[in-house]
Amino acid sequence: MRAHTARLVDDRILIETQDIPLPEPGPGQLLVRVHAAGLNRGELLSLRQQPPGEPVVLGIEAAGEVVRAGADARPFRAGDRIMGRCRAAFADYALLDAHDAMAVPERLSWPQAAALPIAAMVVYDMLIAQGRLAAGEWLLITGISSGVGVTALQLAKTLGARVIGTSGSARKLAALERLGLDAGLHTRAPDFHEAVMAATGGRGADLIVNIAGGSVFGECLRSLAFEGRLAAVGALDGVREARLDLAALHARRLMIFGVSSKGYGPEQRRRIVQGVVDRILPLYASGRLTPAIDRTYPFDELQDAIARMESNEQLGKIVAGEA
């Protein structure tokens, strides 16, 4: 089968097409004919941080049709339309663990389905499972124009929250107003505390989703309301360390939590997936929400998709696959 591999050459990610063996599903696994796969910035950052080595097949989420199911892969079977987290998604076929798989809502196209798994699981974890976002609360999202950021905005509005977002692009902030953004702050710098306080009437944000990274961590902490929660999600700025004001943490009863599934086992991941199925997918199945896709590229144009992502021009998810 064909697979699109990536390797780092002179600080440039080079995509090549290779023939690799067709994988065989083991117990609890599904062999899926991939129709579309989402591109995620985190895997590009990881590739750049690794020493040069053998080419790797990119892609950590996919949507497609089950071709063959291994033992104990219930409730899925051949012919089912599914989506989920996986490895090596940019290939003709991929293996999905059944506990990471979700049925694709009928109204979604393949690219729309491929845009959902990672973003939906992250957003469910940080807004609902850990963040406990409630109607009437203020949510601040740094780096809101990313795929996760836009999905978080969409879900937060269905929960009745009010949303502030930061971005280095005034154009993107203006576009997000159509999705319900209450206040857009045109900045990438740690200079938004006063604007957040003004927008919230001096209260501060009840929940902050920090996608931008360590360069704005301190400003996020300053911008929290009493008993506010801060979700550490990503580091688009590449800054992975920050100072922590312990006095503020103590006096204002703040909570800081991380959002990652790297240390999760099958049962913990199954709980997150079930939360998405119960709380988020019905919103897409009913048409109340639509996946926010920046662009969809044919698989053979994955190189262009990566260039689009690294240009920082995207608004929403970048997907490769069939229409």
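The values are calculated or read from the model by the stated rules, or taken from the named source; none is laboratory data. Keep in mind that what you see is a predicted model, and the values were worked out from it rather than measured. Neighbour counts are summed over all protein chains in view; Cβ atoms, including those assigned to glycine, are modelled from backbone coordinates with ideal geometry. Only protein heavy atoms, including side chains, enter the accessible area calculation; ligands, DNA and RNA are left aside. Shrake-Rupley method; radii C 1.70, N 1.55, O 1.52, S 1.80 Å.
Which order do the peptides 191-201, 30-40 come out in when sorted by mean C-beta neighbours inside 10 angstrom, highest first?
Numbers: 191-201: 16.2, 30-40: 25.1.
Per-residue Cβ counts within 10 Å, averaged per peptide and sorted highest first, yield 30-40, 191-201.
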Rounded to the nearest Å, the spacing of the alpha-carbon centers of the range 208-277 and the range 82-126 is 24
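May I ask you to order 142-149, 243-250, 66-73 by the average number of other C-beta atoms within 10 Å around their residues, highest value first? Present the calculation step by step, with values, prior to reporting the outcome.
Values: 142-149: 27.6, 243-250: 10.9, 66-73: 16.0.
Ranking the peptides 142-149, 243-250, 66-73 by packing returns 142-149, 66-73, 243-250.
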Output ordering of 160-171, 301-312 (per-residue mean of other Cβ within 10 Å, highest first) is 160-171, 301-312
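Give me the percent of accessible area attributable to carbon and sulfur for the chain, probe 1.4 angstrom.
Numbers: 7180 of 14550 Å².
So the carbon and sulfur contribution to the accessible surface is 49 percent.
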Note, the range 231-243: 3J(HN,Hα) by Karplus (6.51, -1.76, 1.60, θ = phi - 60°), whole Hz, Gly/Pro = x, goes 9, 8, 10, x, 8, 4, 7, x, 8, 10, 9, 7, 7
Non-local residues with an amide H under 5 Å from the amide H of residue 289, with H modelled 1.01 Å from N and Pro and chain starts lacking one, are 284
Here the range 92-102 yields Karplus 3J(HN,Hα) values (6.51, -1.76, 1.60; θ = phi - 60°; whole Hz; Gly and Pro given as x) of 4, 9, 9, 9, 10, 6, 4, 6, 9, 9, 9
For the range 251-263, in residue order, the Karplus 3J(HN,Hα) values (coefficients 6.51, -1.76, 1.60; θ = phi - 60°; whole Hz; Gly and Pro = x) are 5, 9, 6, 7, 10, 10, 9, x, 10, 6, 10, 4, x
The alpha-carbon center of the range 19-75 and that of the range 136-199 are separated, in whole Å, by 32
Listed by chain and number, the lysines with an alpha carbon less than 21 angstrom from that of residue 317, same-chain partners under 8 positions apart left out, are 157, 172
The answer for residue 137, listing residues at least 5 apart or on another chain whose modeled amide H is closer than 5 Å to its amide H, is 162
Interchain or sequence-distant (5+) residues whose placed amide H lies within less than 5 Å of the amide H of residue 61 are 38, 86, 89
For the range 48-198, dividing by residue count, accessible area per residue (probe 1.4 Å) in Å² works out to 41
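In µm²/s, what is D for the chain at 37 °C and 0.692 mPa s, where D = kT/(6 pi eta Rh) by Stokes-Einstein and Rh is the Kirkwood radius from Cα pairs? Working shown, then result.
Numbers: Rh = 20.2 Å.
It comes out at roughly 163 µm²/s.
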